[in-house]
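What follows is calculated from the coordinates using simple rules that are stated; it is not laboratory data. Bear in mind the structure is a predicted one, so any value in this text is a computation, not a measurement.
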Amino acid sequence: MCRGAALPTNTPSIPCIFDPHGRAGICGDWLLGSSVESAALSGMALANHIADYLGSDGVRPEEFAVGLHKDFQSLQGHDIGQFPGLKSMEKEQVQAYELTS
């Protein structure tokens, strides 16, 4: 994964990554986009996936492997603090102040 100024620039476009043999899972906003919603959906997806795996008593773990061989895709996301569906506001001009002593 590459990040540009703390924003993901590419993603595997899957909600979570899970390796049942290594018993490790990964979740986060960078897997689906760059928003709080993406982070929440990713965490819930991983939790549900782990619950399903544990409910199967570990039978056929290869069926539960997710995201281990998926190529990364370019991400069409939003800047931090922006929300999908809302237009970006024009940046206000910032006035420079000079401190004098």
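Values computed for the structure shown
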item	result
Rounded to whole Hz, the Karplus (6.51, -1.76, 1.60) HN-Hα couplings of region 44-56, x for glycine and proline	5, 4, 5, 4, 5, 5, 5, 4, 5, 5, 5, x, 8
For S34, residues with placed amide H under 5 Å, excluding near neighbours	H78
Extension reserve of the D19-I50 stretch, reckoned as 0.36 nm per residue once the Cα distance is removed	10.2 nm
For region 20-72: rounded, prolate or oblate by the Cα gyration tensor [a/c cutoff 1.5]	oblate
